[in-house]
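These notes concern the structure reproduced below.
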Amino acid sequence: MTEPTGNLSQYRRVVIKIGSSLLVDRESGLRRQWLETLCADIAALHRAGKEIIVVSSGAIALGRTVLAGRAPAGRSLRLEESQATAAIGQIALAKAWSETLAGNGLVAGQVLLTLYDTRERRNYLNARATIDQLIRFSSVPVINENDTVATSEIRYGDNDRLAARVATMAGADLLVLFSDVDGLYTRPPGSAPDAELIEHVPEITSEIWAMAGEAGSELSRGGMKTKVEAGRIATGAGCAMIIASGKADHPLQAIASGARHTLFSPRRSTVNARKTWIAGQLAPAGTFTIDDGAEKALKEGKSLLPAGVKGITGSFERGDTIVICDVQGREIGRGLSAYGVEEATRIAGRKSSEILSVLGYAGRAAMIHRDDMVLTAALFPSKEDS
């Protein structure tokens with residue numbers, strides 16, 4: 001990819017995060033007209049061949065407006081009150097997205113996640129597979145934090161970092177955080193008239209962290225600090241990020257037309273960043289020993305099929321990290337297993353076409369998909385290779 005810009009046409013898969021204060025008015029409820037303009041922008045990008053994922057806040061805020069006169073007012077909600085309010089608001093939120101996207105010829109698919117789901121590898125793989133399939137259906141995944149069951153997330157969490165984790169999980173190359181401010185400033189713009197907008201952040205440094213402020217409104221749980229943290233997560237995985245104001249109608253169109261925003265550049269390409277993450281930050285739970293033919297296939301960029309696996313050690317479940325070794329026991333790579341140890345052991349050495357007859361269900365064709373694998377020798381060559 002060329003150097004990232006605010007030109008949305010250069011990106012393939014875009015995650016858009018919408019804050020509560022943009023989507024919900026404290027007095028009148030859902031800002032329906034604004035949502036219609038946003039969905040019109042999404043539809044325009046979709047027609048241009050872009051894959052769009054939405055991370056939407058608003059369940060609790062919308063639930064409070066639905067419960068006007070019934071729920072406590074003028075104070076923060078207790079945990080059980082927040083969870084119940086979210087349960088009510090989530091229905092209204094999903095309906096709003098579904099109806100408004102449908103008005104633009106698009107189908108919405110709801111996905112409820114917590115931060116735990118994007119950290120726990122099995123949940124991560126299941127969520128990613130669902131999102132990928134929704135995109136293959138030409139629909140728009142609409143993701144919200146599952147506030148009805150979240151505990152620490154509902155009190156301290158935010159959808160900025162959730163959106164960043166969704167972006168890395170989905171392999172997006174751009175994350176757009178719409179907020180009630182139009183970017184990162186040298187100082188909080190509300191209290192410092194001389195604050196200057198930082199238009200481009202090539203790298204998140206200690207100086208950038210120092211510029212982050214606090215939350216800008218009552219409905220917004222995330223402040224600029226959480227947005228910079230989201231930037232660290234996204235750019236570290238090779239995904240560019242934009243912080244922009246979403247107050248005006250057609251906010252995506254506004255970015256494309258040159259509206260003020262802050263662009264965070266990715267540290268490196270998506271592929272390399274993701275591979276480095278898999279190689280260096282996950283604790284291996286087992287080992288696959290593979291034959292020469294499988295080793296050759298992996299070096300050609302192919303997935304690891306059951307037929308090439310000659311030995312399995314360890315205790316692992318689907319989604320756990322596996323070390324891949326050659327017949328001499330040398331590490332070739334690492335990846336996320338598509339099977340638990342019991343199923344993997346049963347299909348090792350078998351053709352993919354035999355999986356159904358062996359397991360009794362049609363599992364994944366690959367033991368480790370190439371997207372979930374890194375050849376560690378290529379990333380971290382030994383001293384002998386250097």
Exercise. From the phi of every residue in segment 52-62, what ³J(HN,Hα) in whole Hz does the Karplus formula 6.51 cos²θ - 1.76 cosθ + 1.60 yield, where θ is phi - 60° and glycine or proline is x?
Worked result: 10, 10, 10, 10, 10, 7, x, 5, 5, 4, 6
Problem set entry | Note, ³J(HN,Hα) from phi for segment 225-242, Karplus 6.51, -1.76, 1.60, rounded to Hz, x at Gly and Pro | 4, 5, 5, 5, 4, 4, x, 4, 5, 5, 5, x, 9, x, 10, 5, 9, 10
Exercise. Using modelled backbone amide H atoms (1.01 Å from N, in-plane), which distant-in-sequence or interchain residues come within less than 5 Å of ILE332's amide H?
Worked result: ILE324, CYS325, ASP326
Seminar exercise, completed: Carbon plus sulfur, as percent of the 1.4 Å-probe accessible area of segment 84-136, comes to 55 percent
Exercise. Taking H as built 1.01 Å from N, whose amide H comes closer than 5 Å to the amide H of VAL24, not counting residues under 5 places away?
Worked result: ARG31
Seminar exercise, completed: Rounded to whole Å², per residue accessible area for segment 292-355 with a 1.4 Å probe reads 48 Å²
Problem set entry | Exposure of HIS200 as accessible area (Å², to 10), given a probe of 1.4 Å and all protein chains | 80 Å²
Seminar exercise, completed: Note, segment 327-333: 3J(HN,Hα) by Karplus (6.51, -1.76, 1.60, θ = phi - 60°), whole Hz, Gly/Pro = x, goes 5, 8, x, 7, 5, 9, x
Problem set entry | Of LYS17/LYS225; LYS50/LYS227; LYS95/LYS227; LYS17/LYS247; LYS95/LYS247; LYS50/LYS302, pairs whose Cα-Cα distance is over 18 Å | LYS50/LYS227; LYS95/LYS227; LYS95/LYS247; LYS50/LYS302
Exercise. Measuring from label point to label point, each 7 Å out along Cα→Cβ, what is the ARG260 to ASN126 span in nm?
Worked result: 4.5 nm
Seminar exercise, completed: Residues whose built amide H sits under 5 Å from the amide H of GLY286, excluding neighbours closer than 5 in sequence, are VAL323
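The values are calculated or read from the model by the stated rules, or taken from the named source; none is laboratory data. Everything quoted here is computed from the prediction, not taken from an experiment. All Cβ positions, even for glycine, are placed from backbone atoms using ideal geometry, and neighbour counts span all protein chains on display. To get the accessible areas, we keep the full protein, side chains included, count just its heavy atoms, and leave off ligands, DNA and RNA. Shrake-Rupley method; radii C 1.70, N 1.55, O 1.52, S 1.80 Å.
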